[in-house]
Amino acid sequence: MNAAPSLKVADLNAWYGESQALHGMGLEVGRGEVVTLLGRNGAGKTTTLRSIMGLLRRKTGTIRFEGEDIAGRLPEAIARRGIAYCPEERGIFASLTVEENLLLPPVIAEGGMSVDDIYALFPNIAERRTSQGTKLSGGEQQMLAIARILRTGATLLLLDEPTEGLAPVIVQQIGAVIRKLKERGFTVLLVEQNFRFAAKLADRHYVVEHGHVIDTLSASDVAANLERIQNYLKV
Ligand SMILES: Nc1ncnc2c1ncn2[C@@H]1O[C@H](COP(=O)(O)OP(=O)(O)OP(=O)(O)O)[C@@H](O)[C@H]1O
Ligand SMILES: [Mg+2]
């Protein structure tokens, strides 16, 4: 990793009740990098993002963000430090309009994108700004879920399977958005099952199994190791 570390997770264990989901998880994301977590269903990818965001209380280990250990912090405090989470369920409010959804998360720091900038990045969201959340397609909801966290001033974006269940043309659009976010200096930790999509975007990939990292590949390792990666992801 060349960039200064933004996020560094080490020896992370996490539990749902009595059931341990993370077993010594560790990863690093440099400032301005796009890094993916790959792995089969139940590997612990979502749990890793939720732990970073402070949504899992029962855990041990360290989570350093911009040099500070945030492992004991509450989600609100972590959000205020500059981390934003876009969950797999997207969480668009059906009773609110697109613009109301967009304006919902509080601005926590300077440097977030303006509403105009966001609409320029997501022209289809701009067109639907007065539509109810319920009226959006799955792809539009996913775009809005990402758009919504860009205003806040967060610098690290945690994205959980943004392409899941979406048509190839929408997947491409999401790829283009993530590329533009990287150009703007955002740091992205991306959970993906769609490796072909992830491979084109990421600087590095972590393969997760049984709650920890079993392999790390840089973008330049990918071409020579496709079979190995496919084996990791095969059900
Ligand atoms: N709310 C929960 N309560 C109890 N166990 C859970 C809960 N959520 C997840 N788990 C368990 O924790 C482990 C890790 O799950 P996690 O959701 O992090 O996997 P994942 O890698 O995100 O999988 P997927 O690709 O299916 O989203 C699994 O064994 C799962 O069954
Ligand atoms: Mg998951």
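Per-structure values
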item: Any hit, region 13-31, residues being in a loop (DSSP other than H, G, I, E, B) and either away from ligand 1 (no atom under 16 Å from the Cβ) or within 20 Å of residue 155 (Cα to Cα) (or both); result: yes
item: Any chance residue 37 is at pLDDT 95 or above, within 16 Å of ligand 2 (Cβ to nearest atom) and within 15 Å of the chain's Cα centre (by Cα); result: yes
item: Options 164, 89; residue that is within 16 Å of ligand 2 (Cβ to nearest atom), under 29 Å from residue 40 (Cβ atoms) and touching a residue at least 12 places away in the same chain (Cβ under 8 Å); result: 164
item: Yes/no for residue 177 being at pLDDT below 90 and β-branched (Val, Ile, Thr); result: no
item: Odd one out for residue 153 among (1) within 27 Å of residue 42 (Cβ to Cβ); (2) touching an Asp or Glu at 6+ places or on another chain (Cβ under 8 Å); result: (1)
item: Residue in region 37-61 that is surrounded by the most Cβ atoms within 10 Å (Cβ to Cβ), counting only those that are within 12 Å of ligand 1 (Cβ to nearest atom) and part of a strand (DSSP E or B); result: 37
item: Residues satisfying the stated conditions in region 179-203, i.e. under 10 Å from the mean Cα position of the chain (by Cα) and under 15 Å from residue 142 (Cβ atoms); result: 188, 190, 191, 192
item: Qualifying residue in region 69-92 (condition: surrounded by fewer than 20 Cβ atoms within 10 Å (Cβ to Cβ), aromatic (Phe, Trp, Tyr) and in a strand (DSSP E or B)); result: no
item: Scope region 12-29; condition surrounded by 18 or more Cβ atoms within 10 Å (Cβ to Cβ), in contact (Cβ under 8 Å) with a residue 60 or more places away in the chain and either out of contact with any Leu (no Cβ under 6 Å at 6 or more places or on another chain) or under 30 Å from residue 184 (Cα atoms) (or both); matching residues; result: 21, 25, 27, 29
item: Qualifying residue in region 177-199 (condition: small (Gly, Ala, Ser) and either surrounded by fewer than 18 Cβ atoms within 10 Å (Cβ to Cβ) or touching a helix residue (DSSP H, G or I) at 6+ places or on another chain (Cβ under 6 Å) (or both)); result: yes
item: Output for region 218-229, where each listed residue is out of contact with any Phe, Trp or Tyr (no Cβ under 8 Å at 6 or more places or on another chain) and surrounded by 14 or more Cβ atoms within 10 Å (Cβ to Cβ); result: 219, 221, 222, 225
item: Any strands (runs of 3 or more DSSP E) falling wholly within region 134-211 and containing at least 3 residues that are in contact with a Ser or Thr (Cβ under 6 Å, 6 or more places away or on another chain) and under 20 Å from residue 37 (Cα atoms); result: 204-209
item: Residue 109 being within 24 Å of residue 190 (Cβ to Cβ), modelled with pLDDT under 95 and not acidic (Asp, Glu); result: yes
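To keep it simple, each residue is scored yes or no on (1) over 24 Å from residue 47 (Cβ atoms); (2) at pLDDT 95 or above.
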site	(1), (2)
204	no, yes
213	no, yes
225	yes, no
229	no, no
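The values are calculated or read from the model by the stated rules, or taken from the named source; none is laboratory data. None of these values were measured; they are calculated from a predicted model. Every residue, glycine as well, gets a Cβ built from its backbone with ideal geometry; the counts of neighbours run over all protein chains shown.
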